[in-house]
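Below: one structure in structure tokens.
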Amino acid sequence: MLLRKAIIGYCSFSDIIFVVDEDFYIKNFNEIIPFKRLLDEVSICYPQFDQEILEKAYNKAVELHGAQLRLSGEPYANHVIKVALLCCEFKLDFTSVVAALLHDILEDTNYNLESLKTEFGLEIASLVEGVTKLSKISLASKEDKQAENLRKLLLAMATDIRVILVKLCDRLHNVMTLQSLPEPKRKRIAEETQEIYAPLANRLGLYRLKALLEDYSLKELKPAEYNDIKQKVDNLAKDLHIFAKEFSLELKNLLEKHGISAQISFRLKHIAGIYQKMVRYNVGFDQIMDILGFRVIVPTVMACYEALGIIHSNYHLVPGRIKDYIAMPKPNMYQSLHTTVITQNGKRVEIQIRTPEMHQIAEQGVAAHWRYKENGNFDFDLSWVRDLVETQKYISNPEEFLQSVKGELFQNEIYVFSPKGDLFCLPRGATPLDFAYAVHTEIGHSTVGARVNKTIVPLNYKLKNGDTVEIITQKGHKPSKDWLKIVVTSKAKNRIKQFIRQERRELAIRAGKELLSKELLKKGLSIKKLERSEDLEKIIKELGLNSEEELYASLYYGTIQPQRVLLKLVPESDPLNNAISPQSDGLLNKIFDSVAKTSQKVGIKVSGYSDVFFRFAKCCQPIQGERIIGYVTKGKGITIHSIRCPEIQHLDPLRFVPVQWDDEFSNDLRLVTIEIDCVNEQGMLSKLCGEITNAGVNIASASAKTFPDLTAKIMFDIEVRNAAEFETVKRNIEKVKGVKRVNRVIYKKPA
Ligand code: MN
């Protein structure tokens with residue numbers, strides 16, 4: 001470990017890079033760390049700070065934790081002081097440092113939140129409260145519990161990201177000092193760190209913090225592997241150190257010769273990083289090429305590209321290893337140019353080129369936010385946290401929620417272009433729909449197709465790095481629920497769900513109003529009159545509702561029975577007379593709980609009400625004009641069957657409802673299958689097609705089977721408006737010479 005530190009420590013810009021002195025944090029001190037130690041560190045890290053409040057927090061922590069000892073025997077106060085010091089090291093803001101000192105007092109002492117607020121103010125108090133809440137949740141638990149806890153964690157992050165940053169420092173100190181804990185607890189903490197906290201640190205761009213969290217977790221979970229790699233790295237380190245010094249100097253001179261002043265440093269890949277690569281690519285330690293990496297820091301973005309050019313013209317480059325994260329920053333805002341070259345003595349080395357600002361963000365991630373906040377030119381993108389928080393509102397299935405959080409945390413990103421050349425970063429597995437929603441919600445909603453690299457692709461196409469994506473939109477087009485199975489980003493998921501919810505609500509309001517209007521009519525009242533009168537407002541208030549919309553939606557969903565409204569208007573009306581109606585027996589509730597069929601075109605009336613959710617049975621493909629019956633399904637609305645359908649004999653008779661065609665909608669197309677037995681002779685197929693087309697009917701698909709006796713069976717899926725139109729087609733075909741029999745296929749065994 002010492003050599004490793006020595007190597008990282010060899011930097012010509014110690015003001016930028018910072019090295020965590022791991023030994024200090026691991027070591028047990030018998031004495032409480034003096035205030036001066038903390039003050040010194042804070043003075044270096046923060047140009048301005050409130051010494052009084054720092055001292056007050058320090059004293060409070062020492063006083064309250066008093067004689068408490070950690071299992072290691074170290075005074076408990078040292079834990080919170082060390083966490084505060086870690087907050088300095090990782091460049092969190094000063095308020096976080098103070099909160100770190102107090103982060104365990106609500107949990108472990110009898111101090112309360114009220115006193116904290118009065119003594120330290122609201123900002124610090126709410127930070128401490130947030131960290132305390134997080135400490136109570138366990139993330140390595142059963143799936144549903146874990147999902148619930150992740151929700152809390154995300155909510156805390158969305159409220160104040162510093163809560164999680166302090167928590168990450170707390171967690172780092174905890175994994176550094178696992179040894180003194182009992183076995184099962186050690187494993188749980190290490191797993192939780194590896195699964196959630198390290199990826200979180202990474203997603204927030206806190207690279208060094210992430211590396212340390214990963215190393216200490218690995219040490220606990222895979223000690224043999226950890227020690228093996230560590231030993232190999234330590235063995236290599238001495239040679240690498242000499243080489244790295246020489247090569248740094250060589251690079252520095254080369255760039256200076258071309259008028260670019262550069263600071264060069266080098267680093268060894270962290271142990272868990274090497275381990276992950278070995279596992280991912282199933283290779284041995286010797287095959288890991290980027291254990292040693294160089295960082296070239298130059299003053300400007302222009303100089304970055306110049307330096308890249310100079311390096312490439314002096315060394316052989318390894319093809320396919322150049323990455324331009326300046327033009328395409330990673331989702332955690334990381335920017336740099338990466339390349340791999342072969343040195344004069346045949347070594348492969350990775351070089352990262354960046355400006356000092358990029359370097360600071362690369363090392364500190366979201367924490368750099370407060371450094372730049374004053375000049376306002378750095379705003380860490382946390383919209384993904386807000387999107388995840390939104391997601392959790394709609395997802396009730398814990399597994400699904402975990403999926404989306406993990407997808408967001410472990411995302412392996414790809415970069416794609418708009419036709420204008422704008423760059424978008426999406427998680428691996430993203431589809432054109434994700435892209436469309438990333439561009440704009442409206443574009444997402446109205447997507448009907450996509451071209452990738454000028455070729456039409458299906459909407460579930462998996463985008464690849466460098467693809468140019470063009471979205472084909474159609475005004476007025478609406479998202480469908482099936483899209484939720486296609487998209488992978490939380491943003492797209494949320495927008496689609498929002499839309500569906502909104503649309504369902506609008507449907508509910510319209511239908512609820514209609515329902516009430518019909519009930520009123522039976523009593524000779526008109527809804528228009530009611531709306532104009534003051535009665536409506538009175539009723540809404542009496543029912544404890546907020547708006548007209550809410551009333552109609554409640555009627556629709558069955559939470560309020562129309563009778564309750566009627567009774568208020570016509571108190572003398574006999575409730576028994578009104579009690580039996582389809583909506584009061586919960587039937588409509590069942591239906592309305594189901595999914596809105598947004599593309600619903602043909603109208604169906606159920607017991608006189610239109611606007612219900614229904615779909616046509618696939619087995620019998622009913623068409624307008626034939627007799628139909630409805631079957632109430634669990635969760636999918638009403639399925640409409642033809643009464644001739646054999647399938648209905650197997651269904652629960654209690655769940656049938658009478659349905660009729662709604663004549664207001666008569667022009668919509670329905671698919672039916674027609675089956676023709678005929679002689680197998682040349683030109684038959686085209687004749688039949690001709691007859692169908694002449695009737696003004698479209699053919700959706702066709703198939704034919706021939707038999708040894710020179711006959712054939714030809715099937716067409718055709719789009720007809722109603723039964724009459726079908727009859728016309730049938731008659732035309734029957735007239736064709738050679739046709740023996742024409743049938744409508746009214747029953748297809750469901751697949
Ligand atoms: Mn703690």
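The values are calculated or read from the model by the stated rules, or taken from the named source; none is laboratory data. Keep in mind that this is a model prediction, so the values were computed, not measured. Neighbour counts run over all protein chains shown; Cβ positions are idealised from the backbone, glycine included. These accessible areas exclude ligands, DNA and RNA; they are computed on the full protein's heavy atoms, side chains included. Shrake-Rupley method; radii C 1.70, N 1.55, O 1.52, S 1.80 Å.
Evaluate the following for Leu127: is it touching a residue at least 60 places away in the same chain (Cβ under 8 Å), in a helix (DSSP H, G or I), open to solvent by less than 10 Å² (accessible area, probe 1.4 Å) and out of contact with any Cys (no Cβ under 9 Å at 6 or more places or on another chain)?
no
Within the range 111-123, count every residue that is surrounded by fewer than 16 Cβ atoms within 10 Å (Cβ to Cβ) and in contact (Cβ under 8 Å) with a residue 40 or more places away in the chain.
So the answer is 1.
Against the definition (under 21 Å from Ser642 (Cα atoms) and open to solvent by 40 Å² or more (accessible area, probe 1.4 Å)), how does Asn680 come out, yes or no?
Answer is no for this residue.
Being within 13 Å of the ligand (Cβ to nearest atom), farther than 25 Å from Val405 by Cβ, over 30 Å from the mean Cα position of the chain (by Cα) and open to solvent by 20 Å² or more (accessible area, probe 1.4 Å): is that true of Leu106 here? Break it down stepwise before answering.
Values: within 13 Å of the ligand (Cβ to nearest atom): yes; farther than 25 Å from Val405 by Cβ: yes; over 30 Å from the mean Cα position of the chain (by Cα): yes; open to solvent by 20 Å² or more (accessible area, probe 1.4 Å): yes.
For Leu106, the condition - within 13 Å of the ligand (Cβ to nearest atom), farther than 25 Å from Val405 by Cβ, over 30 Å from the mean Cα position of the chain (by Cα) and open to solvent by 20 Å² or more (accessible area, probe 1.4 Å) - is met.
Within the range 45-58, is even one residue at pLDDT below 90 and within 29 Å of Leu154 (Cα to Cα)?
Yes, there is a match, as at least one residue in the range 45-58 is at pLDDT below 90 and within 29 Å of Leu154 (Cα to Cα).
Pairs please, first residue from the range 29-55 and over 22 Å from Pro75 (Cα atoms), second anywhere and not in a helix (DSSP H, G or I) and not hydrophobic (A, V, I, L, M, F, W, C), Cβ atoms under 8 Å, 6+ apart in sequence or on different chains.
Hits for this filter: Cys45/Lys91.
Which of (1) open to solvent by less than 10 Å² (accessible area, probe 1.4 Å); (2) at pLDDT below 95 does Ala67 not meet, given it meets every other one?
(1)
Next question, about the same structure. Going by the structure shown, is Val62 within 11 Å of the ligand (Cβ to nearest atom), part of a helix (DSSP H, G or I) and either on the phi < 0 side of the Ramachandran plot or modelled with pLDDT of 90 or more (or both)?
Judged against the criteria, Val62 is not a match.
Next up: Of these, Lys219, Lys210, which one is at pLDDT 90 or above and open to solvent by 70 Å² or more (accessible area, probe 1.4 Å)?
On inspection, the qualifying residue turns out to be Lys219.
Shifting gears a bit: If Glu626 passes every condition in (1) in a loop (DSSP other than H, G, I, E, B); (2) at pLDDT below 80 but one, which one does it miss?
(2)
Mind checking which residues of the range 449-459 are open to solvent by 60 Å² or more (accessible area, probe 1.4 Å), more than 18 Å from Leu423 (Cα to Cα) and in contact with a strand residue (DSSP E or B) (Cβ under 7 Å, 6 or more places away or on another chain)? First the steps, then the outcome.
Pass one, the range 449-459, residues open to solvent by 60 Å² or more (accessible area, probe 1.4 Å): 451, 453-456, 458.
Filter once more, so that each one left must be more than 18 Å from Leu423 (Cα to Cα): 455-456, 458.
Passing the criteria: only Ile456.
State all residues of the range 154-169 that are within 16 Å of the ligand (Cβ to nearest atom) and either of a type in the set (A, V, I, L, M, F, W, C) or surrounded by fewer than 22 Cβ atoms within 10 Å (Cβ to Cβ) (or both); if no residue qualifies, say none.
Ala156, Val163, Ile164, Leu165, Val166, Leu168, Cys169
Yes or no: Thr95 part of a helix (DSSP H, G or I), among the polar types (S, T, N, Q) and surrounded by fewer than 18 Cβ atoms within 10 Å (Cβ to Cβ)?
For Thr95, the condition - part of a helix (DSSP H, G or I), among the polar types (S, T, N, Q) and surrounded by fewer than 18 Cβ atoms within 10 Å (Cβ to Cβ) - is not met.
So, one more: Quickly run through the range 278-319 and pick out the residues that are surrounded by fewer than 19 Cβ atoms within 10 Å (Cβ to Cβ), charged (D, E, K, R) and under 18 Å from Thr339 (Cα atoms).
Scanning the range 278-319 gives Asp290, Glu306.
Of all residues in the range 700-751, which are in a loop (DSSP other than H, G, I, E, B), closer than 20 Å to Arg644 by Cβ and aromatic (Phe, Trp, Tyr)? Please lay out each step first, then the result.
From the range 700-751, those in a loop (DSSP other than H, G, I, E, B) are 707-710, 721-722, 735-738, 745-751; that's our starting set.
Keeping just the survivors that are closer than 20 Å to Arg644 by Cβ gives 721-722, 745-750.
Answer for the range 700-751, where residues must be in a loop (DSSP other than H, G, I, E, B), closer than 20 Å to Arg644 by Cβ and aromatic (Phe, Trp, Tyr): just Tyr747.
Before we move on, is Arg348 without any contact (Cβ under 8 Å) to a residue 60 or more places away in the chain and either in contact with a Cys (Cβ under 8 Å, 6 or more places away or on another chain) or not charged (D, E, K, R) (or both)?
Criteria not met by Arg348.
Let me ask something else about it. Looking at Ser594, Ser554, can you tell me which residue is at pLDDT 80 or above and either of a type in the set (S, T, N, Q) or more than 41 Å from the chain's Cα centre (by Cα) (or both)? Reasoning before the result, please.
Values: Ser594 fails: at pLDDT 80 or above.
Among Ser594, Ser554, only Ser554 is at pLDDT 80 or above and either of a type in the set (S, T, N, Q) or more than 41 Å from the chain's Cα centre (by Cα) (or both).
Looking at the range 259-267, is at least one residue aliphatic (A, V, I, L, M), part of a helix (DSSP H, G or I) and open to solvent by less than 30 Å² (accessible area, probe 1.4 Å)?
Checked against the condition, which is being aliphatic (A, V, I, L, M), part of a helix (DSSP H, G or I) and open to solvent by less than 30 Å² (accessible area, probe 1.4 Å), the range 259-267 yields no hits at all.
So, one more: Just give me the residues in the range 303-319 being assigned to a loop (DSSP other than H, G, I, E, B) and more than 39 Å from the chain's Cα centre (by Cα), in sequence order.
Correct list: Tyr315 only.
If Lys210 satisfies every condition in (1) within 21 Å of Ile124 (Cβ to Cβ); (2) basic (Lys, Arg); (3) away from the ligand (no atom under 16 Å from the Cβ) but one, which is the exception?
Lys210 satisfies every listed condition except (1).
Every residue, every condition in (1) over 48 Å from the mean Cα position of the chain (by Cα); (2) surrounded by 15 or more Cβ atoms within 10 Å (Cβ to Cβ), yes or no:
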site	(1), (2)
Ile676	yes, yes
Leu685	yes, yes
Leu688	yes, yes
Ile699	no, no
Thr706	yes, no
Val720	no, yes
Glu734	yes, no
Lys737	yes, no
Lys740	yes, no
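Kindly check whether there is at least one residue in the range 132-139 that is away from the ligand (no atom under 14 Å from the Cβ) and open to solvent by less than 10 Å² (accessible area, probe 1.4 Å).
yes
Name the single residue, out of those in the range 460-493 being among the β-branched types (Val, Ile, Thr), over 24 Å from Arg504 (Cβ atoms) and open to solvent by 30 Å² or more (accessible area, probe 1.4 Å), that is modelled with the lowest pLDDT.
Among those residues, the one meeting the criterion is Thr468.
I need a count of the residues in the range 184-205 that are among the charged types (D, E, K, R) and within 16 Å of the ligand (Cβ to nearest atom).
Number satisfying all stated conditions: 4.
For every residue, the table says whether it meets (1) among the small types (Gly, Ala, Ser); (2) within 15 Å of the ligand (Cβ to nearest atom); (3) out of contact with any Lys or Arg (no Cβ under 8 Å at 6 or more places or on another chain).
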site: Asp50; (1), (2), (3): no, no, yes
site: Lys56; (1), (2), (3): no, no, yes
site: Leu69; (1), (2), (3): no, yes, yes
site: Val80; (1), (2), (3): no, yes, yes
site: Val97; (1), (2), (3): no, yes, yes
site: Ala100; (1), (2), (3): yes, yes, yes
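Starting from residues that are open to solvent by less than 10 Å² (accessible area, probe 1.4 Å) and assigned to a helix (DSSP H, G or I), keep the ones in the range 82-92 and report whichever is farthest from the ligand (Cβ to nearest atom).
Across the range 82-92, the extreme among qualifying residues is Cys88.
All but one of (1) within 15 Å of the ligand (Cβ to nearest atom); (2) farther than 18 Å from Gly365 by Cα; (3) hydrophobic (A, V, I, L, M, F, W, C); (4) open to solvent by less than 20 Å² (accessible area, probe 1.4 Å) hold for Leu181, so report the exception by its number.
The one condition Leu181 does not meet is (4).
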